[in-house]
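One structure is given here, and the rest of the page talks about it.
The values are calculated or read from the model by the stated rules, or taken from the named source; none is laboratory data. Since the structure is predicted, the reported quantities are computational estimates derived from the model, not experimental observations. Cβ placement follows ideal geometry from the backbone for every residue including glycine, while neighbour counts extend to all protein chains displayed. Quick note on the areas: whole protein, heavy atoms, side chains included, nothing else; ligands and nucleic acids left out. Shrake-Rupley method; radii C 1.70, N 1.55, O 1.52, S 1.80 Å.
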Amino acid sequence: DGAVPPTPQPAPDASTPRSNPYMPTRDTGAAQFVQAHPSWDGRGVTFGIVDTGIDLDHPSLNTTSTGAPKIQDWVTYTHPASDGDPTWRFFTVTLVQVTDGTTVQFGRTYTGIPNGAYRVARMREDLLGATSEYGIACGSDLDRDGTCGDFFLMLWQPGSDTTTTDDVLLIDSDNDSSLADESPMQDFSIDRDIGHFGHDNPATPVRESVPFVVQPEAAAISGLYWVNIGIVSGAHGSHVAGITAGNSLFGGQMSGAAPGAKLVSVRVCLFVAGCTSHALIEGMIWVIEGKDGPHVDLVNMSIGGLPALNVDDSRNTRAVLYNRLIDDNDAQMY
């Protein structure tokens with residue numbers, strides 16, 4: 001009965017100091033420690049963020065305190081065929097030959113295509129759902145142009161080896177039926193390629209364009225060839241990444257616990273239905289053991305739930321696997 005509404009406080013901005021009431025880093029002493037030891041700010045350390053994905057355009061998540069690229073890799077580890085993740089798109093097995101720079105796909109004529117042989121698919125807005133990160137009244141709007149139901153042609157040109165290291169994807173990300181203005185993309189780990197759906201309107205306070213990466217799978221799964229379009233499924237992954245290692249939030253001294261650290265983003269969560277068991281297991285194996293990507297020193301997984309084979313917090317299947325990963329690789333998880 002004695003509760004009263006909290007007194008409104010000003011929002012943080014560029015003048016907010018490193019030690020502040022907005023971030024838990026003050027309570028843990030991390031902000032004061034880095035203030036006293038500026039070079040002991042996570043440099044040389046890589047965190048894995050197992051969550052909804054990290055925003056590729058956020059200025060505080062782009063570079064470390066030393067100016068190095070902060071996000072080292074960005075992958076999705078939901079299962080392409082069985083997890084119901086709409087960002088996994090399956091491509092035609094039969095290659096489409098382009099000889100005159102044009103092709104007709106899904107009822108449209110596309111131009112500006114380099115001649116060659118391609119697998120074909122499309123990224124569909126409607127599959128993301130009206131309650132997703134990209135939802136609006138009419139459904140979902142991936143390119144944030146105010147309309148729903150758009151799709152974006154995707155052309156996959158397989159390379160000469162079996163690892164996808166020389167595979168190239170062309171995506172009509174601005175939905176103008178021309179590929180002439182699109183840059184070829186490869187897996188993010190190769191050359192840090194980032195595309196954008198739609199165009200940003202600088203006159204608005206919201207960034208309308210949506211960044212994405214591509215992740216082609218080298219081998220067929222369930223008889224189909226798959227590519228993931230890596231977009232965040234929610235804001236939570238960027239939230240925990242900012243607390244962990246955000247650098248110069250709002251352009252000032254306010255930062256996460258380790259602004260000098262680097263990050264690896266592993267998206268394990270869907271858009272409307274939580275996070276999948278496959279992704280929580282396989283994604284954790286990948287990010288810690290580093291067989292296909294960079295090894296990490298610490299992993300943040302801010303995800304809770306009750307596994308199907310739950311006995312107690314240390315004796316369910318997933319916990320046993322995580323404990324083995326930690327012990328075998330000298331990694332830390334929090």
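General remarks:
- The residues of the chain present an accessible area of 47 Å² per residue when probed at 1.4 Å with all protein chains retained.
- Spin-label model distance (nm) - SER82 vs ALA219, 7 Å beyond Cα toward Cβ: 1.5
- Stretch gain in nm, segment ASN329-GLN32, where the contour uses 0.36 nm per residue and the Cα spacing is subtracted: 103.9 nm
- Option label - semi-axes √(5λ) of the Cα gyration tensor in Å computed here, alternatives (1) 35, 28, 19; (2) 44, 27, 16; (3) 36, 25, 20: (3)
- Taking label positions 7 Å along the Cα-Cβ direction at both ASP181 and HIS239, the computed distance is 3.6 nm, reported to one decimal.
- DSSP beta bridges confined to the chain are antiparallel in about 65 percent of cases.
- For the chain, calculated [θ]222 nm from helices alone, where every DSSP H run of n ≥ 4 adds -39500 (n - 2.57): -4000 deg cm²/dmol
- Rel. contact order, % - alpha carbon contacts under 8 angstrom, at least six apart, the chain: 27
- The length gained by stretching the chain between ALA130 and ASP13 to full extension, at 0.36 nm per residue less their Cα-Cα distance, is 38.9 nm.
- Degrees between helix 236-245 axis and first principal axis of the chain (Cα, 0 to 90, nearest 10): 50
- Of the solvent-accessible surface of the chain, computed with a 1.4 Å probe over protein heavy atoms with every protein chain present, carbon and sulfur atoms account for 53 percent.
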